[in-house]
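The values are calculated or read from the model by the stated rules, or taken from the named source; none is laboratory data. Predicted model only: the values in this text are computed from it and were never measured. Every residue, glycine as well, gets a Cβ built from its backbone with ideal geometry; the counts of neighbours run over all protein chains shown. SASA here: full protein model, heavy atoms, side chains in, ligands and nucleic acids out. Shrake-Rupley method; radii C 1.70, N 1.55, O 1.52, S 1.80 Å.
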Amino acid sequence: MKKKINTQKFKYSHLSKDVASIQHSLADSLTYTIGKDPHTSTARDWFSAAAHTVRNRMMENWMETMRSYQKEDPKRVYYLSLEFLIGRLFTSSMINVGLYEPFKQAADEMGLDLDELREVESDAALGNGGLGRLAACFLDSLSTLNIPAHGYGIRYEYGMFNQQIENGYQVEHPDNWLRYGNPWEFPRAEILFCVHFGGRVVEYPDEEGKIRHHWVDTTDVMAMAYDTPIPGYATSTTNNMRLWAAKASRDFELQYFNEGNYIKAVQEKNASENLSKVLYPNDTTTNGKELRLKQQFFFVSASLQDILRRFFRNPANQVENLPDKVAIQMNDTHPAVAVAEMMRLLLDTHHLDWDQAWELTTRIFSYTNHTLLPEALETWPVEMFERLLPRHLQIIYEINHHFIRHVSHMFPGDMELLKRVSLIQEEPEKRIRMAHLATVGSHRINGVARLHTELMKSTIFADFYRICPEKIVNMTNGVTPRLWMLQANNELSSLISSKIGQGWITDLSQLRQLEQFTDDSAFQQAFRHVKRSKKAFLAERVQQLLKVELNPDSLFDVQVKRIHEYKRQLLNVLHAITRYNRIRHNRLENPVPRTIIVAGKAAPGYVTAKRIIKLINDVAEVVNNDPAVRGLLKMVFIPNYSVSTALEIIPAADLSEQISTAGTEASGTGNMKLALNGALTIGTLDGANVEMREEVGEDNFFIFGLTAAEAAELRRDGYNPWDYYHGNWELREALDMLRDGFFSPDELTRHRPLFDLLTEQGDHYLLLADYAAYIAMQENVDALYREQHAWTRKSILNVARMGKFSSDRTISEYARQIWQVEQLKT
Ligand code: 26W
């Protein structure tokens, strides 16, 4: 804009949050924005009007937050993540800005069904599972704690696929979440950065005769910003999540247009815009696709350009002071190429010398590791890097050269060590180890639970732990109580607040005050009533969706998470089969009615995980239709597990299944959400379960099975699953039913591959070794469930002692120990 705006004449409405004002806005939005009247408008029209009504009430705080950051220029955190599993924003936004109650009243008075409106919104499913959801919880906590922070990621046009179950099998359907528009995002057409790929590197001497590098003849893609406001709870701080969309660059099109090749121009435009088309649905296995590496560099390059532009906007900032103003957290190794890109910018654009550039870079970056599974550790072929990012490859070689020299001085003559820590893997082909790049380029690297961090030090990062022990720290995960309590369980939240006030919402440790009511029978009754109503609600949903009738008085036994061998959904199935056999053969004296609920997605190419889904559905089919177990056992697989379905399932759980092989689940966060909602945990000493048990007390936690050390030892000493098969007739009975097609009468061999996996193929995740302990612990669960008071007591204690697992606590630790950023006063 050339002309100066007369701010005297610039006056907006200052929207208030009272019922009348909300109703006025709803009418305005429906009329002026949606262009409908109440007679013709659909639920979707009303949702859009409602979303605009809410979003407009976040604008002033959002702009004020951005203005104050610009004015004060505090140190900021940049959270770089290829995934943000946000879910729906309508209710969360209302809760955080204090609109929920008046909005509900406004809607009620107008005759609008708020629940119906809520369901219209698509989930923003821009993530796979734990890692993506953690990023979303962190954004909520960062704003709530008034920490200057920006989330950076990709605006995928298609998020996590929708899972349908057809004939018991998973079928993937595209998630076209933007079809009806996204009311929460603001396209910023002017915030556009050019991202380079390919080309070649030329050297030239600068004025002082030093060799400098230019990256030339590149193919370019533009990154355009889409901003989403992230309001904190009960605070005016509203941070920004900036997601990048790929747009074809003008030059690129022109070239073909000039050649008169219109069709080719349009095709190429499409190809470059494909970069932000779809989220890769794999967790834990890298697929090595070139497009994925392009996505990584695309969002890293745009984000770093944006970060540096913002930094240099303040004339007082000099490049040497970057780490005083910028902390960049890499969510796993997915953004690790940022280390090389920062070096490139400092060397080639800002002409720093190597040592200074490196010092700044390592002070800026830190990296979170989310998994120890070897198949999840990213490596990229050197050949691919050379083709796409030739300058970065040079820089990575140079980083490696310096690092290897440093290590060889520390440990002279240890050639094996050098090979192991090198950023370059040599065999069978040359590849870049992204975890090594991220580790060497960061001043801190962290695990996500105490056990996980200890295992990092003793296993995959053992060499780095010798080289720089102070670098590896622990940051135990947490979840945001705003979503996972206030929103998921309004009833429980109100009950808690009626006893201890509302302080717990932003200081979860205050839940401890509930301990005084554990034996209060009125409180117990109210607490049970909440759980019962959540179970009845879920039962209704399942009835509608799956036409299976659930008994809300049965024990709801819940395992919800991605389907993976290491998470051992198969062990859950073995328990279900054993229970089925015990009941139908009258081997149980006083069986406790149980409903086993499983949900989760399998990566589309993960054959075993998909077989497990089919098996669960096959077992459910048999069990649910066998009169011999009627009223005593039900099993359901709830399709399309997502943030939205999690919000319905988790509050209804009595029992939380956290049964991964010890040493495999980095942390888990579903375990925290379930316990916070009053489920008791049956689990292994894995991930954050260890710390959860420590908090709630071992009497209130069902721990079974091998420890991580025992599991490692058993594997080392030679594990033979057949020993367990032959040594336990009930286990054998269950496994033989799989082998012989008991649950697949239409195709007797269908479940053979799973039988083979657990026997001949060595049962890598030690299910058979943990089977007996698991079954025995399930008996203890039944025994306790028979004692209503004792169960409720422990359930209340679980809630009361979960305070540690708020993401507010986690983020405070990151802020102090890794980022050195301050919480601002508001
Ligand atoms: C490259 C493919 C890929 C994609 C995602 C590999 C690995 C991942 C993630 C690391 C998978 C993930 O979500 N990990 C989970 O992170 C959670 C948050 O820290 C932990 O609670 C879970 O235990 C961990 O499995």
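Brief remarks on what is shown
- Enumeration of residues in the range 215-241 that are outside any strand (DSSP E or B) and not small (Gly, Ala, Ser): Asp217, Thr218, Tyr233, Thr235, Thr237
- Residue under evaluation Thr237, criteria (1) closer than 27 Å to Leu346 by Cα; (2) open to solvent by less than 20 Å² (accessible area, probe 1.4 Å), criterion not met: (1)
- Taken over the range 47-90, residues that are assigned to a helix (DSSP H, G or I) and among the aliphatic types (A, V, I, L, M) amount to 7.
- Count of the range 352-384 residues which are open to solvent by less than 40 Å² (accessible area, probe 1.4 Å) and within 16 Å of the ligand (Cβ to nearest atom): 14
- Whichever residue in the range 242-279 is assigned to a loop (DSSP other than H, G, I, E, B) and touching a residue at least 40 places away in the same chain (Cβ under 8 Å) and, among such residues, is farthest from the ligand (Cβ to nearest atom): Ser249
Every residue, every condition in (1) more than 16 Å from the ligand (Cβ to nearest atom); (2) surrounded by fewer than 21 Cβ atoms within 10 Å (Cβ to Cβ), yes or no:
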{"position": "Asp115", "(1), (2)": "yes, yes"}
{"position": "Arg118", "(1), (2)": "yes, yes"}
{"position": "Asn128", "(1), (2)": "no, no"}
{"position": "Ala136", "(1), (2)": "no, no"}
{"position": "Ser143", "(1), (2)": "yes, no"}
{"position": "Tyr152", "(1), (2)": "yes, no"}
{"position": "Gly168", "(1), (2)": "yes, yes"}
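- Filtered residue count, the range 426-471, keeping only those that are within 16 Å of the ligand (Cβ to nearest atom), among the aliphatic types (A, V, I, L, M) and closer than 20 Å to Thr664 by Cβ: 8
- Filter result for the condition that a residue is open to solvent by less than 10 Å² (accessible area, probe 1.4 Å) and either without any contact (Cβ under 8 Å) to a residue 40 or more places away in the chain or within 16 Å of the ligand (Cβ to nearest atom) (or both), over Ala327, Ala336: Ala336
- Selection within the range 646-673 - assigned to a helix (DSSP H, G or I) and closer than 23 Å to Thr285 by Cα: Gly670, Asn671
- Any hit, the range 290-313, residues being within 16 Å of the ligand (Cβ to nearest atom), among the polar types (S, T, N, Q) and surrounded by fewer than 18 Cβ atoms within 10 Å (Cβ to Cβ): no
- Any hit, the range 461-476, residues being touching a residue at least 60 places away in the same chain (Cβ under 8 Å), surrounded by 21 or more Cβ atoms within 10 Å (Cβ to Cβ) and within 30 Å of Ser93 (Cα to Cα): yes
- The single condition among (1) of a type in the set (S, T, N, Q); (2) touching a Leu at 6+ places or on another chain (Cβ under 7 Å); (3) away from the ligand (no atom under 16 Å from the Cβ) that Thr661 does not satisfy is (3).
- Residue within the range 507-526 that is touching a Leu at 6+ places or on another chain (Cβ under 7 Å) and crowded, with 22+ Cβ neighbours inside 10 Å present: no
- Among the residues of this structure, Glu549 counts as one that is open to solvent by 30 Å² or more (accessible area, probe 1.4 Å) and within 30 Å of Pro591 (Cα to Cα).
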